[in-house]
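A.B. asks: Handing you this structure, nothing more for now.
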Amino acid sequence: MPNNAEDAAVHHRRWPEGFLWGSATAAAQVEGAGHEGGKEDSVWDAFARLPGAVANGDTLEDAVQHYHRMPEDVRIMKELGLGSYRFSTSWARVRPGDRAPNPEGLDFYSRLVDELLEAGILPWLTLYHWDLPQALEEKGGWAHRDTAHRFVEYADDVHSVLGDRVRHWTTFNEPFCSSLLGYAAGVHAPGRQDPRAAVAAVHHQHLAHGLAVEHLRSRGAEHLGITLNLSNSIPRDPSDPVDLDAARRFDSLQNRLFLDPILRGAYPEDTLADLDRFGLRDLVRDGDLATIGAPLDFLGVNHYHDDLISGHPESSGGDGHSGGASRPTSSCWIGSEDIAFPSRGLPRTAMDWEVNPDGLRKLLVRLGEEYPALPPLYVTENGAAYDDVVSDDGAVHDTERTEFVLGHIAAVGEAIDQGADVRGYFVWSLLDNFEWSWGYGKRFGVVRVDYGTFERTVKDSGRAYAGVIAAAADRTPVAPSTGA
């Protein structure tokens, strides 16, 4: 169980007024009904059929049947006391084959929003959590600039149906994964290993984000943002120029390649130099960066672990990478092929990711220090996979996940104390689900799903999280120091 000091730090803290407690999922990981209700292939449906692409040959066809069990899942959210549910709409369900809007698919999300609102839960919508229609991939996918304009059409379809009730709109979840891991490393859909296509995917997703922000704001959307997966890039030996440069390059690809265009309206000069051989400069047209850098109302931060970095490949001790796949091959780190990830000897999750809550505190504080125009922050994903065991009493006593969640919530509180403008925390994930290239072999949920019967069981970590939410509601809040 959590230690007494950590428990007190979480349960007896006063959180900023309106601090939002939520949980998150993604359409492709939970919905199932892979070819029902008019839905057609996404890139992940097609990728999962490739031999060896996903562990055990698992597919998304059934996932955890959220499409059919949605009202039950909302009842569980209410039982936990969630203030918000972060979900994604599936482009492949809303515009199958990227042709015309699918009324049946849009109706599912409309019913979900209604269920949430009736339960007193704020809908927090993500438009892109990696499920590009396969038909668009066959036309070039994110390596083709036109896909950015198709994204705006899709966003407009969703807003036309849900914009009267949904107030919080996230354009992209973790573009790092759907660009670099999907188009360079090949460990995520669509499974390509083409560095130039990956760099093009980065820029075109940035452009799609900016165009969608402009369009949705013109239609009256109130709270617009993006979610990035961010990591502290820590040189193994700060006195070693080789390690320092490796950490710089990793930070460039993991963090600044995404943060700087969105928050500063420019790519970092060192990133442009690193990626010049892959044509990044040539992709940028007049007006692109102004569009990409449009002001945002929030930034979502997904964080699972830090990265210890060395420029000496022989020093690598092995590690995993956030985003659901084992550490990608060096082709992912375009321009940084000699990066290694040695171990610091910290405890590890079932994903082989280190456990270090203070890394989250450090990251949240750092963002405010390095980006003066930073919008309010929300921790939109944070959680851990462990090898859960169902006890004889039918419960899941997931002590390690409980400690992980409470420790990271305490770290968020410490970051707030140090000036970080953090407005909410979403645990990943509500449900055990399809964990991308790992299939169903890694469980992140605070609610267990029996993959044979699809029965839901709230784990001890879920009950502990519910206790944090209840304790926060009972305490006198303090107002945030700045912002809306």
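The values are calculated or read from the model by the stated rules, or taken from the named source; none is laboratory data. For clarity, every value in this text was computed on a predicted model and none was experimentally measured. FYI the Cβ positions are ideal-geometry reconstructions off the backbone, even for glycines, and counts take in every protein chain you see. Areas reflect the complete protein model, heavy atoms only, side chains present, ligands, DNA and RNA absent. Shrake-Rupley method; radii C 1.70, N 1.55, O 1.52, S 1.80 Å.
A.B. asks: Of 330, 315, which residue is farther than 27 Å from residue 192 by Cα and modelled with pLDDT under 60?
C.D. replies: 315
A.B. asks: Moving to a separate point now. Being without any contact (Cβ under 8 Å) to a residue 24 or more places away in the chain and not charged (D, E, K, R) is the filter here, so list the residues in segment 398-423 that pass it.
C.D. replies: Listed by number, the list is empty, since nothing qualifies.
A.B. asks: Please state which one of 197, 221 is in contact (Cβ under 8 Å) with a residue 12 or more places away in the chain and under 24 Å from residue 279 (Cα atoms).
C.D. replies: Within the list 197, 221, the selection yields 197.
A.B. asks: Can I ask one more? Can you tell me which residue in segment 465-484 is surrounded by the most Cβ atoms within 10 Å (Cβ to Cβ), limited to those that are under 15 Å from residue 12 (Cβ atoms) and at pLDDT 95 or above?
C.D. replies: 468
A.B. asks: If you scan segment 82-115, which residues turn out to be hydrophobic (A, V, I, L, M, F, W, C) and either more than 20 Å from the chain's Cα centre (by Cα) or closer than 16 Å to residue 161 by Cβ (or both)?
C.D. replies: Those that are hydrophobic (A, V, I, L, M, F, W, C) and either more than 20 Å from the chain's Cα centre (by Cα) or closer than 16 Å to residue 161 by Cβ (or both): 87, 91, 94, 100, 106, 108, 112, 113.
A.B. asks: Please go through segment 243-281 and pick out each residue that is part of a helix (DSSP H, G or I), among the aromatic types (Phe, Trp, Tyr) and within 23 Å of the chain's Cα centre (by Cα).
C.D. replies: 250, 258
A.B. asks: Being open to solvent by 10 Å² or more (accessible area, probe 1.4 Å), over 28 Å from residue 364 (Cα atoms) and not β-branched (Val, Ile, Thr) is the filter here; which residues of segment 438-461 pass it?
C.D. replies: The answer is 438, 440, 441, 448, 450, 451, 452, 454, 455, 456.
A.B. asks: Among the residues of segment 265-291, which ones are open to solvent by less than 20 Å² (accessible area, probe 1.4 Å) and of a type in the set (Phe, Trp, Tyr)?
C.D. replies: 267, the sole residue that qualifies.
A.B. asks: Shifting gears a bit: Any residue in segment 116-126 that is assigned to a loop (DSSP other than H, G, I, E, B), modelled with pLDDT of 95 or more, under 19 Å from the mean Cα position of the chain (by Cα) and closer than 19 Å to residue 381 by Cα?
C.D. replies: The answer is no, given that none of the residues of segment 116-126 is assigned to a loop (DSSP other than H, G, I, E, B), modelled with pLDDT of 95 or more, under 19 Å from the mean Cα position of the chain (by Cα) and closer than 19 Å to residue 381 by Cα.
A.B. asks: Do the conditions hold for residue 70, that is, is it part of a helix (DSSP H, G or I) and touching a Leu at 6+ places or on another chain (Cβ under 6 Å)?
C.D. replies: It is true that residue 70 is part of a helix (DSSP H, G or I) and touching a Leu at 6+ places or on another chain (Cβ under 6 Å).
A.B. asks: Can you list residue pairs whose Cβ atoms sit under 9 Å apart, with the first residue in segment 275-286 being in contact (Cβ under 8 Å) with a residue 40 or more places away in the chain and on the phi < 0 side of the Ramachandran plot and the second being β-branched (Val, Ile, Thr) and exposed (fewer than 12 other Cβ atoms within 10 Å of the Cβ)? Count only pairs 6 or more apart in sequence or on different chains.
C.D. replies: Close Cβ pairs satisfying both conditions: none exist.
A.B. asks: Count, please, the residues in segment 344-377 that happen to be surrounded by 15 or more Cβ atoms within 10 Å (Cβ to Cβ), of a type outside the set (Gly, Ala, Ser) and in a loop (DSSP other than H, G, I, E, B).
C.D. replies: Residues flagged as surrounded by 15 or more Cβ atoms within 10 Å (Cβ to Cβ), of a type outside the set (Gly, Ala, Ser) and in a loop (DSSP other than H, G, I, E, B) within segment 344-377 amount to 10.
A.B. asks: Consider residue 64 carefully, then state whether it is more than 23 Å from residue 154 (Cα to Cα), part of a helix (DSSP H, G or I), aliphatic (A, V, I, L, M) and open to solvent by less than 20 Å² (accessible area, probe 1.4 Å).
C.D. replies: no
A.B. asks: Another one. When you go through (1) of a type in the set (Ser, Thr, Tyr); (2) in a helix (DSSP H, G or I); (3) touching a residue at least 60 places away in the same chain (Cβ under 8 Å); (4) under 21 Å from residue 426 (Cβ atoms) one by one for residue 154, which number turns out not to apply?
C.D. replies: (4)
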